[in-house]
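Asks: Got a structure for you, written out below as structure tokens; questions coming shortly.
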Amino acid sequence: MSTSRLETVVVLAAGEGTRMKSSTPKVLHPIAGRSLLGHVLNAVDALSPSHVRIVVGAGRESVEAHIKEIAPTAHTVFQERRGGTGHATQLALAGMEIAGTILILAGDTPMLTSESLSQLLEVHHAGDFTASVMTAEHPDPTGYGRIVRADDGSLLRIVEERDADDMEKAIYEINSGVYAFDAQKLMGAIGKLSTDNSQGELYLTDVIEILRNEGGSIAAVLIEDFIETLGINDRVQLAECAALLRDRINEDFMRAGITIVDPTTTWIDATASIENDVTIYPGSAILGTTTIASGASIGPRTTLDSCTVLEGASVIESLCIEATIGKKAVVGPYSYLRKDASLGTGSKVGAFVEMKNATLGDGSKVPHLSYVGDATIGQETNIGAATIFVNYDGVDKHHTTVGDHVRVGSDSMLVAPVTIGDGAYTAAGSVITEDVPAGAMGVARGKQRNVLGWVMRKRAGTKSADAASRHNADEKKG
Ligand code: UD1
Ligand code: CA
């Protein structure tokens, strides 16, 4: 049977996450480019449920604002005080139209895949079960609820670590906290929970035994990879899961034909997309909505955040944020491309160049030590070393336009607003405050004057004066 009967998904995300020791609610902590909650909702999204309900509590305002952004159609339900997973579920179900299958999971399990959720739903629907619990064999089950099976292997009940006896603690099969329920049956049983446990909370896990006693059929669906069930409670687990996600993402890309020279130092967000035959060198991070086209080469030690990199481009030892890097363009080493830097085909931005809100035409070059802000540069133009686009008058930003085949001399200041026409030149060291017409040479600097013999007179006895004297004497001898 298909998953088409999945009506509702409930995500429990009201917990405080005390062990994170953070002013940020636990489910908003990011790894691999998404919040923990974002990873869970992303996995859920692939199942196309009719309704998503998220129980929020701690940090309600920021969690709700985040949900509005990433899952605007989801409903939030407020749990004012922590009453346990059973209590949170009661609140989520209140006033709900009851039909079909309901999937319940926690907001702090970012490793879950939609494949495993689908697998759970398939078993649940195929066997027409009342409830199905996703379980895993965990090498260190400490802290998790344990799966207690009857002699015939069927699921008897779930016992929490704190309420477990020694025999039960020795069980390695754990409750993942992911469940599929027949919504109507769950509705009937959820009110029967009691707080008769070590924490005095309503445990959602107890509903399993209640349903079984009422004659319901229960499935325990053991998934292969326990890593998917890892939940995050502190920053150590946050880092562990981040590394595991990194490995998973890198592996997927390598299998899709991307060369990752050193996967342990390459961090790619789940939201990035990369075509085959891209090579990524060590120490690089590919973040946000970055897309990289075939044949590009990234790194070493390069960060791309929400950039577009076209075919065959190469970026070396650089930081680029919301920039577009054209076909076969070359960036770096040590360059900083900021928002709306846009590089044309075959263009070059060399060492120690900062660029923002600027378009560099096809085949144009800014090879060394320059700042290019608020500018349009034409094709096949060369910007000499240490040129500054002086875009800011202290109050407002102004635009500079540079034409095609221009040669801007080294150490020019182009004081915006200003236009350098097609084929024009500027003399090195010029402070250009007025437009330079096409084909003209703009010169704007003091004329040089040499004060002959100054060093011998004013710095007599220094090594400079001696060297100059020797040179002059040699010249006289011929
Ligand atoms: C829960 C399960 C345990 C399972 C484990 C898997 C129960 C009683 N135990 O334990 O069997 O092995 O998950 O990770 O369900 N929450 C609320 N409101 C509350 C309490 C919790 O929204 O009043 C949310 C939390 O934010 C969290 C989720 O429910 O996302 C699970 O709660 P948590 O306290 O982490 O339960 P565990 O002790 O991990
Ligand atoms: Ca947990």
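The values are calculated or read from the model by the stated rules, or taken from the named source; none is laboratory data. Just so we're clear, the structure is a prediction, and the values are computed from it rather than from any experiment. FYI the Cβ positions are ideal-geometry reconstructions off the backbone, even for glycines, and counts take in every protein chain you see. What goes into the accessible areas is simple: the full protein's heavy atoms, side chains included, and nothing from ligands, DNA or RNA. Shrake-Rupley method; radii C 1.70, N 1.55, O 1.52, S 1.80 Å.
Asks: Counting each DSSP H run of 4 or more residues in the chain as -39500 (n - 2.57), what helix-only mean residue ellipticity at 222 nm follows after dividing by all residues, to the nearest 500 deg cm²/dmol?
Replies: -6500 deg cm²/dmol
Asks: Would you please put 133-139, 333-339 in order of how densely packed they are, using the mean number of other Cβ atoms within 10 angstrom per residue and starting with the highest?
Replies: Packing order, densest peptide first, comes out as 133-139, 333-339.
Asks: Starting from 0.36 nm per residue, how many nanometres of slack lie between Ser273 and Asp225 once their C-alpha separation is accounted for?
Replies: Here the segment from Ser273 to Asp225 would lengthen by 14.8 nm.
Asks: By how many nm would the segment from Lys21 to Arg407 lengthen if fully extended, with 0.36 nm per residue of separation less the alpha-carbon distance?
Replies: Extra length from Lys21 to Arg407 when fully extended: 133.3 nm.
Asks: Can I ask one more? Please list, by residue number, everything in the stretch 437-453 whose backbone N is under 19 Å from a paramagnetic label point 7 Å out along Cα→Cβ of Ser469.
Replies: Taking a point 7 Å out along Cα→Cβ of Ser469, the residues of the stretch 437-453 whose backbone N falls under 19 Å are 452-453.
Asks: On to the next question. Would you mind computing the Rg to Rh ratio of the stretch 6-229 from its alpha-carbon coordinates, Kirkwood style for Rh?
Replies: Ratio value, two decimals: 0.93.
Asks: If you roll a 1.4 angstrom probe over the protein chains with everything in place, what fraction of the accessible area of the stretch 167-262 belongs to carbon and sulfur, to the nearest %?
Replies: Its accessible area is 49 percent carbon and sulfur atoms.
Asks: Helix check for the chain. Which DSSP H runs span at least 18 Å along their own axis by Cα, with a mean Kyte-Doolittle hydropathy no less than -0.5?
Replies: Long hydrophobic helices here: 235-255.
Asks: Another question, then. If R0 is 56 Å, what FRET efficiency do you get for Thr433 and Arg248 from their C-beta distance, rounded to 0.05?
Replies: Given R0 = 56 Å and the Cβ-Cβ separation, E is 0.50.
Asks: Next question, about the same structure. In terms of modelled amide H atoms, which long-range or inter-chain residues lie less than 5 Å from the amide H of Val221?
Replies: Under 5 Å from the amide H of Val221: Val133, Met134, Thr135.
Asks: Now a separate question. If we sort 55-61, 25-31, 247-253, 293-299 on the protection proxy, mean other Cβ atoms within 10 Å, highest first, what's the order?
Replies: Per-residue mean Cβ counts within 10 Å order the peptides as 25-31, 293-299, 55-61, 247-253.
Asks: Also, quick follow-up: In whole angstrom, note down how far apart the Cα centers of the stretch 414-478 and the stretch 89-153 are.
Replies: 78 Å
Asks: Further question on the same structure: Tell me, what is the per residue accessible area of the stretch 248-442 in Å², probe radius 1.4 Å?
Replies: Per residue, the stretch 248-442 has 41 Å² of solvent-accessible surface.
Asks: Quickly rank 41-53, 429-441 as a protection proxy: mean count of other C-beta atoms within 10 Å, highest first.
Replies: Result, highest mean Cβ count within 10 Å first: 41-53, 429-441.
Asks: Excluding ligands, DNA and RNA, what is the solvent-accessible area per residue of the stretch 6-229 at a probe of 1.4 Å, expressed in Å²?
Replies: 44 Å²
Asks: Once R0 is set to 30 Å, what does the formula 1/(1 + (r/R0)^6) return for the Cβ-Cβ distance between Ala440 and Val395, expressed as a FRET efficiency to the nearest 0.05?
Replies: Computed FRET efficiency for Ala440 and Val395 comes out at 0.50.
Asks: Given the C-alpha centroids of the stretch 373-390 and the stretch 2-54, what is the distance between them in whole angstrom?
Replies: Result: 47 Å between the Cα centres.
Asks: Once phi is turned into θ = phi - 60°, what whole-Hz ³J(HN,Hα) does the Karplus curve with 6.51, -1.76 and 1.60 give for every residue of the stretch 441-454, x standing for Gly and Pro?
Replies: After applying 6.51 cos²θ - 1.76 cosθ + 1.60, I find 10, x, 10, 8, 7, x, 7, 6, 9, 9, 8, 5, x, 4 Hz.
Asks: Once the whole set of protein chains is in place, how much accessible area is left on Leu452, using a 1.4 Å probe, in Å² to the nearest 10?
Replies: 140 Å²
Asks: For the stretch 6-229, what is the relative contact order in percent, using Cα pairs closer than 8 Å and at least 6 residues apart in sequence?
Replies: 24 percent
Asks: Continuing with this model, one more query. Antiparallel as a % of all DSSP beta bridges within the chain, to the nearest 5?
Replies: About 20 percent, rounded to the nearest 5.
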